[in-house]
Structures are given as structure tokens and as C-alpha cells.
């Protein structure tokens, strides 16, 4: 289980930002850009949570805080009973993170990439080999294991990235737009991977712009707009509150309703 | 930490571009470049030596002996044209126009001048801007031979016996008795050159992989993944640091080895007595000492380039910082080359200068153990300070996600 409560993160504005006053963002004040102001949601065992929001809403910043790459200014992130804001090392062990910007080492083979991260997570010898073999067959990676990552196709890279993200048996998996730029086959691989995690009872949080994926996979939805949580609940609640059975329309209604308030 | 180090080394060894700069460049390119430069220089000096100069003498009648000597000299050829010159100005014009190579202006007859107690002042007109030029020396040697003959005869006429003449001309002579042995003498010259060659290599061997390990990882997006592993930031930095250090030392060792091989190959063709004598007196222990002196510099430069690379946003930004840095390394080496710079308690604390001076002392055979200990302490302190800032930067969000 993962519970996120009242997360906030601001970034200092650069000098160029301060000079350029024409484009004024309502989140820029006091010399800071308040990227995330108040975000809360929970995701229980066996649940898949879809994180939605327009571009620049603060999704990636939120996910980076969950991954412990960024330290929140306020709020808490609880995994089981550990507050990983205070103990980031526990968080790193508990979370499997995958994003569009997390790359692979081009000059290592697919296998070496996955094994390297396994070793960094403390896996060794037989346990490492068993886990890797399991992932390689599950993700159907055996044909390109010994190819260097720089020579892999986008789909192969994403599979390797997935294996890398979960090699250490994480308690929670976080995916930042995992299907962006992928073809239909590879998208399907990602979808079945999320389903297998769900079957194992592992909570999955993923951000996306594809609402069909949300309909397909998610039990819960959290919406962020302008750095604020504006929805956290089940898919049924989402449709009810958005006033439409179409997810796209419900999402747009929710956002415009948010602006009126 | 070991896993990080191992993986970085594997990646480094698979990177052809970096390998080229660390191994191939020093091994092959440097000897080729040096050989090419040596070839061109020797060609140029050979050409200058073989060159025959066209000359013109104003007032040949004042010294027929000299005119004949020059006429039969293998390096001079008399101007065969129709033009007449009779002043220094006209000779200058002629040299500028390329009509002649050298003009000699004889104002009066030296035999008559010496009888009147006067010097005969001759002027040699030529273009002295070339680095290798034999004209003046050749003319002077002919002229001074004549001058000596005139003096000997004049003194004899005054009643000075030929045997007494040297003592009369130079009553007191002084000569050097040098307490510095040969090694100290060669060491002063060669020992100053060695750091000039080695230290930039240490930097080069460190900077190429460092750029890849810091800014390169940031650019490829692997740094974020790496930071999400439960490995502490200090371990990550140390793993990367040791990779850079290893590469820096490897680059230096390979270059020195290749240099040794090329010198031995070269010395089997040409005898390089000076180099041989200097190196024969340097023992294996001295080599170990020189190498161990490179360690603190390598550690310091490795941590410095790693810190720069982690700070930089992109590969290109990191490369932009490396340019001025390599110049900054040359300055302290140049300081060590200043006359009378010696290793003492103050200079032992100046990074790079201290090691450059110490290497010179080792080659000279006059090394002071205490100063070396001081160098080690100072360099280690600086290196750990830089490593600490690497770790700090690795923890800073504003640097990691600039």
C-alpha cells in the first residue's frame, strides 16, 4: 500500500525566468515556481492507479518525489508503514520506477543492464540469476539479451527497462508515461506487465494521457491540475463526478469545473 | 561501490572513442607527430647548412685576402650581375629585393687602420629573421681568422714573441669546477621536461571518461535510474572516481611505455648519449617514486574533472569547461620551470607545481623525503575535498535536474 499526503514541491526561479514577466504563471510567486502545491492519493494492494492531468500539471514532479529523486518540501509518502520522505533509502528499495527519461547504458547488453541494477539492489549469485531468467522469459527478451542496448529497438529497450525496474521485487511500481511513443505490440507488453503486477497484488501507479489504458487497467484515478489534487477515487466515482460515462468527457468536465471553483 | 567501478570499466573498454584518445593517441600519434616534427626540423637545418649564399663585397681592394677566402668558400657565390653597390643602404636594398643574400661593407684597409691604432669596422648586411641561419657565423669565422693573423703580425712587429702573445692578450683566464655531477646537470633540464609531458597526459586520461561518467549519464537519462538504487551517493561517486583515476593512470603508463619503446628504437639508429647518460643513473626506485608522485596529482585531477562533469548539464557543457582547465594545468607547470624554483615547504603546498618540482628533484637525484610526504598530504587533502563536493553535488537537486 502507498499513501501520499499533502505533497508540495517548489523550485527556485532562475534569473531568466524572473526577467520574462510577460508569460506569467499563477504558480510563480515569491521567487519560486510552485510545481506541486497539494497532492494526495492512496493506492492499495492489487490496485492500479492512473495519474491524470494536463501537461505541466505536476505529474512528473510528483512521481519523481515518489521515486525519491526529489525531496518534497511538505507532506509524507507512506509505503506500508515507512515514511520514505524521511528514509529515502527504504523508499529506493521498495519502489520500482520507470519513466520516459530513465535510460539504459548503451554499451552494456540488455542482460548486463538488468543484472547491474539487480546487483546494485544487493542481489547476488543464484537469486540474481533466477530472478533475471524469470523476467527474461516473462517479457520475452531471450532473443536480444546479448545485444548492446544502443542497438535495440524502442520496444526492446522498453522491455529491458521494465525488467530493470522490477528486478529487485519492489513493493510498489511507478510508471511515468510508460507507453508514450511505443507501437501497439510493445504497448500491449506494458499493459500485460501491469496486469501481472496487479495479479501479484503489487500496487501500480502510472501517469498517462491515454484514457483507453485507464479504462482497461485502472481501479482508481487521481487527477492533478495546477499542482493540486482535484480528484482521488474509483473510476465509477470519476465518471459520476465528471458527469459523463465517457472518460475523456468526464476528465474535461472535471478540469473545467475545477477552474470555475 | 565495486559493482559501479566494474560496470564503468566495462563500459569504458567498450567505448571506442574514449579508448582511441586514451590508448591509440598517445601510443601512435604522439611518436608520429614528434617524429614528423624532428624530420622537418632536421630537413630545415640541413637545407640551411647546404645553402649557398650570393654575396657582394663593397671595396674588395681593402682586403684582397678576405675577398679570396670568401670567393673560394663552398657556401658563398659571388654576385654575377651588372649592378654596382657602394653603401650599406644600397646593400640593404639589394638584400630586400633578393638580388643578393649577403652584403659586406669594408670601410677601410684593416692593415692601415691597425697601424694607426684604429679598428676597421665591417658591416654584414643580411636578413637575420630566420631561426636557422649560418650566414653571419660563416662570414665572421673568415673575418676573425684574418683579424687574428693581423693581430699576431702587429704584435710581432711591436716585439712581442708569438709564445707570449696569449698571456699578454688574456692575462687571467677562469674556468668552472662544477660540484654538481652529470646527473644533477641533466636532471635539471630533463627533469623539468618530464612533468610537462606527463601531467597533461594525466589530465587527458581523466577528462575523457569523466565527461562520459557524469554529464554523459545525465544526458542519456541513466543518472536518474542510478540515483534510484539503494547505493549511497558516496559509493556512486567513489565508484566513478576510481574509474577515472584508473583511466588517467593507464593513459600515463601507456604513454610512458610507448615513449620508452620509441626512444629505444630511435637510439638504435641515432646515438642519444645525453638522454642515455641521464636515464642510466635513474634507478628503478626513482621510477617508482615518479610514478607514486603522479598518483596524488591523478587523484586530484580525477576528482576535479568528475566534479565538473557532474555539475555540467550536458556533454558539450562539460567539454567547454575542460578547455580552460587544461590551460589551468599548464600554468603551475610553467611556474615550476621558472629559474631557481625549488621544492620547499611553501612550493610543496601548491598543487601540480609541487609534483612537477618533485619529479625534477627525483631525476636530479636530490629528492627530500619530507617534502614528498608534504606533497602527499596536501594532494590527498585537496582530492578528498573535491570528492566531497562531488558527493554534495550528487545530492543536490538543483545540480542533478538543472
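Results, tabulated for the structure shown:
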read-out: Filter result (at positive phi and in contact with a strand residue (DSSP E or B) (Cβ under 7 Å, 6 or more places away or on another chain)) within the range A:42-67; value: A:53, A:58
read-out: Top-ranked residue of the range B:222-235 - restricted to ones that are touching a helix residue (DSSP H, G or I) at 6+ places or on another chain (Cβ under 6 Å) and assigned to a helix (DSSP H, G or I), ranked as farthest from the other protein chains (Cβ to nearest Cβ); value: B:234
read-out: Residue check for residue B:108: over 17 Å from residue B:68 (Cβ atoms) and surrounded by 15 or more Cβ atoms within 10 Å (Cβ to Cβ); value: yes
read-out: Matching option when the condition is out of contact with any helix residue (DSSP H, G or I) (no Cβ under 6 Å at 6 or more places or on another chain), away from chain B (no Cβ under 11 Å) and in contact (Cβ under 8 Å) with a residue 24 or more places away in the chain, among A:133, A:81, A:140; value: A:140
read-out: Residue in the range A:10-18 that is modelled with pLDDT under 85, away from chain B (no Cβ under 14 Å) and surrounded by fewer than 22 Cβ atoms within 10 Å (Cβ to Cβ) present; value: yes
read-out: Test: residue in the range B:99-120 that is assigned by TED's automatic domain parsing to the domain that holds residue B:70, assigned to a helix (DSSP H, G or I) and under 38 Å from the mean Cα position of the chain (by Cα); value: no
read-out: Number of the condition not met by residue A:122 [criteria: (1) within 12 Å of another protein chain (Cβ to nearest Cβ); (2) surrounded by fewer than 15 Cβ atoms within 10 Å (Cβ to Cβ); (3) under 28 Å from residue A:182 (Cβ atoms)]; value: (3)
read-out: Meets criteria (in the same structural domain as residue B:325 (by TED's automatic domain parsing) and out of contact with any helix residue (DSSP H, G or I) (no Cβ under 6 Å at 6 or more places or on another chain)) for residue B:256; value: yes
read-out: One residue from B:240, B:218 being in contact with a helix residue (DSSP H, G or I) (Cβ under 8 Å, 6 or more places away or on another chain), in the same structural domain as residue B:326 (by TED's automatic domain parsing), closer than 25 Å to residue A:95 by Cα and at pLDDT 90 or above; value: B:240
read-out: Residues that are assigned to a loop (DSSP other than H, G, I, E, B) and closer than 13 Å to residue B:138 by Cα, drawn from the range B:65-80; value: B:73, B:74, B:75
read-out: Hey, residue B:387 closer than 23 Å to residue B:211 by Cβ, crowded, with 19+ Cβ neighbours inside 10 Å and assigned by TED's automatic domain parsing to the domain that holds residue B:312 or not; value: yes
read-out: Candidate set from the range B:18-48 (those that are farther than 15 Å from residue B:259 by Cα and in contact (Cβ under 8 Å) with a residue 24 or more places away in the chain); member that is farthest from the other protein chains (Cβ to nearest Cβ); value: B:48
read-out: Given (1) in a helix (DSSP H, G or I); (2) modelled with pLDDT under 85; (3) under 24 Å from residue B:32 (Cβ atoms), number of the condition residue B:271 does not satisfy; value: (1)
read-out: Residues of the range A:86-116 satisfying the condition of being more than 7 Å from chain B (Cβ to nearest Cβ) and in a helix (DSSP H, G or I); value: A:88, A:90, A:91, A:94, A:110, A:111, A:112, A:113, A:114, A:115
read-out: Any hit, the range B:187-204, residues being in contact (Cβ under 8 Å) with a residue 24 or more places away in the chain, more than 14 Å from every other protein chain (Cβ to nearest Cβ) and more than 27 Å from residue B:339 (Cα to Cα); value: yes
read-out: Residue within the range A:191-199 that is crowded, with 19+ Cβ neighbours inside 10 Å, touching a strand residue (DSSP E or B) at 6+ places or on another chain (Cβ under 8 Å) and more than 30 Å from residue A:124 (Cβ to Cβ) present; value: no
read-out: The lone exception for residue A:182 - which of (1) assigned to a helix (DSSP H, G or I); (2) over 29 Å from residue B:2 (Cα atoms); (3) touching a residue at least 12 places away in the same chain (Cβ under 8 Å) it fails; value: (1)
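The values are calculated or read from the model by the stated rules, or taken from the named source; none is laboratory data. These numbers come from a predicted model, not from an experiment. Glycine gets a Cβ as well: all are built from the backbone with ideal geometry, and neighbour counts include every protein chain shown.
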